[in-house]
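Reviewing the structure listed below.
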Amino acid sequence: MIQIGDKIPAVNLTRVSADGQEPVSAEQLFAGKKVVLFAVPGAFTPTCSNTHLPGYIVFADQILAKGVDMIACVSVNDAFVMQAWAAAQNAEAICMLADGGGAFTQALGLAMDTGDFGGVRSQRYAMVIDNGTVTLLNVELPKTFEVSNAETLLAAL
């Protein structure tokens, strides 16, 4: 599993927005920036849609005011799902990243197999990345939501 002090792997993700989809290397996307990255097991799932993403939307201005250049959300979902979820959640302040095949999540060592529920998904976590290097990493225990929420990350900044 990725650790504090490690570099983000050079794995491709798909950045999605209201304007469309764009493949991007995670290494390049996070270079030269301070980024809060949080991961959810799945778009449109209860905790992810009711609490996790909405918290970052609510606290986006305060997080950005702490010197953060980008807030990003990643999920092992396809780009079309992430685009629809962003629109449904009014997530304009969040850089939505699709990890369709799970390559980024697996490279981080944060994948989990949920079996018939959804297959390979991401563990729930949040991290701070400074110029491509992980400076804070909060990984949730299974079925918990305590250390990756927006309030906890804001307090850590």
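The values are calculated or read from the model by the stated rules, or taken from the named source; none is laboratory data. Computed from a predicted structure; not experimentally measured. A quick note on method: Cβ atoms are made from the backbone with ideal geometry, for glycine too, and the neighbour counts reach across all protein chains shown.
Per-structure values
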quantity: Near pairs, Cβ below 8 angstrom, 6+ apart or cross-chain, from the range 76-104 (within 12 Å of Leu53 (Cβ to Cβ) and at pLDDT 95 or above) to any residue that is in a loop (DSSP other than H, G, I, E, B) and among the aromatic types (Phe, Trp, Tyr); calculated: Trp85/Phe44; Ala88/Phe44
quantity: Residues that are aliphatic (A, V, I, L, M) and either over 14 Å from Val74 (Cα atoms) or in contact (Cβ under 8 Å) with a residue 60 or more places away in the chain (or both), drawn from the range 105-119; calculated: Ala107, Leu108, Leu110, Met112
quantity: Among the candidates Ala10, Ala65, Ala26, Ala39, residue that is touching a helix residue (DSSP H, G or I) at 6+ places or on another chain (Cβ under 8 Å), free of Cβ contacts under 8 Å to residues at least 24 places away in the same chain and within 23 Å of Thr133 (Cβ to Cβ); calculated: Ala10
quantity: Test: residue in the range 52-70 that is modelled with pLDDT of 95 or more, of a type in the set (Lys, Arg) and part of a loop (DSSP other than H, G, I, E, B); calculated: yes
quantity: Output for the range 105-143, where each listed residue is modelled with pLDDT of 95 or more, in a strand (DSSP E or B) and out of contact with any helix residue (DSSP H, G or I) (no Cβ under 8 Å at 6 or more places or on another chain); calculated: Tyr125, Met127, Asp130, Thr133, Val134, Thr135, Leu137, Val139
quantity: Yes/no for Cys48 being buried (at least 17 other Cβ atoms within 10 Å of the Cβ), in a helix (DSSP H, G or I) and not hydroxyl-bearing (Ser, Thr, Tyr); calculated: yes
quantity: Positions within the range 17-37 being among the aliphatic types (A, V, I, L, M), assigned to a strand (DSSP E or B) and out of contact with any Asp or Glu (no Cβ under 7 Å at 6 or more places or on another chain), in sequence order; calculated: Val24, Val36, Leu37
quantity: Test: residue in the range 120-143 that is crowded, with 17+ Cβ neighbours inside 10 Å, of a type in the set (A, V, I, L, M), within 21 Å of Asp19 (Cα to Cα) and touching a residue at least 24 places away in the same chain (Cβ under 8 Å); calculated: no
quantity: Phe30 of a type outside the set (A, V, I, L, M) and under 23 Å from Pro142 (Cβ atoms); calculated: no
quantity: Residues satisfying the stated conditions in the range 108-157, i.e. at positive phi and in contact with a Phe, Trp or Tyr (Cβ under 9 Å, 6 or more places away or on another chain); calculated: Asn131, Gly132
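Residues checked against (1) surrounded by 16 or more Cβ atoms within 10 Å (Cβ to Cβ); (2) touching a Cys at 6+ places or on another chain (Cβ under 7 Å); (3) of a type outside the set (Lys, Arg):
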residue	(1), (2), (3)
Gln3	no, no, yes
Gln28	no, no, yes
Pro41	yes, yes, yes
Gly67	no, no, yes
Gln83	yes, no, yes
Ala91	yes, no, yes
Gly101	no, no, yes
Gln106	yes, no, yes
